[in-house]
Amino acid sequence: MNDLLKIAASLGHDPIKRGMPPVEKWTPQFCGQMDLLIRRDGIWVHEGRPITRPQLVQLFASVLKREGDDYFLVTPVEKLHIQVEDVPFIINRLDIEGEGSSQTLMVTTNLGELFALGSTHPLSFHPYRDEILAPYSVVRRNLMARFSRTAWFDLANLAICDEKSEQWGVYSDNIFFPLPSVDG
């Protein structure tokens, strides 16, 4: 395990130690729509007002489930549909352990989840606001996070040209992730 993951676990930021509910195993009955929106800037809004208690947002995030393009808050007996403008999480920090092709890129979300980009959490690029390709990664259970502008610039500053593929990209956890080309 990487040093940053060990530190995060010791501080209580390990989802496994935190006891993330097994929402992927729950198949509750649909109960309707909840007036909850996760805005594209990562702010969670209930009944038109931002939720200001981080613990409440973390609780909701722990029972968040994605099915296709739809998002739900689930318990063993209830399933409520919510709205998500883009993705539920924002990657707002990028740290580097090691160097070169053996480096590991550690990312932290706006809710404090820490993970390494790699096979379990791959880097991918998708259209954002139909204008540009933005970097995203799987956080957990089919839930994605988009890199903030600052984290995206940090990622781009690490780009190197891979000798084998002659593509620009970044290495993390011994995997080369190509960056999209500027000319499309």
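Annotations for the structure displayed:
- Options SER172, ASN92, VAL63, ranked by Cα towards positive dipole end of the chain, top entry (Cβ charges): VAL63
- Each stretch of four or more DSSP H residues adds -39500 (n - 2.57); spread over every residue of the chain, this sum gives -4000 deg cm²/dmol at 222 nm.
- Inverse of mean 1/r across different Cα pairs in the range 30-184, Kirkwood, Å: 16.7
- Cut-off of 10 Å, at most 11 other beta carbons, DSSP loop: longest stretch of the chain lacking such trypsin sites (Lys or Arg not before Pro): 1-128
- Computed over the chain, relative contact order equals 18 percent, with contacts defined as Cα pairs under 8 Å that lie 6+ residues apart.
- The simple spin-label model puts a point 7 Å past each Cα toward its Cβ; for MET20 and HIS81 those points are separated by 2.5 nm.
- Cβ crowding within 10 Å, taken as a proxy for footprinting-reagent exposure, orders ASP154, ASP70, ASP95 from fewest neighbours to most as ASP70, ASP95, ASP154.
- Rounded to 5, percent antiparallel among DSSP beta bridges of the chain: 85
- Note on SER101 and VAL45: the model spin-label points, each 7 Å out from Cα along the C-beta direction, lie 4.7 nm apart.
- Within the range 73-135, the GluC sites (Glu not before Pro) that combine a DSSP coil assignment with at most 10 other C-beta atoms in a 10 angstrom radius are GLU99, GLU131.
Bear in mind these aren't lab numbers, they're just calculated from the coordinates by the rules spelled out. Everything numeric in this text was worked out from a predicted model, so none of it was measured. Methodologically, a virtual Cβ is constructed for each residue, glycine included, from the backbone with ideal geometry; neighbour enumeration extends over all protein chains shown.
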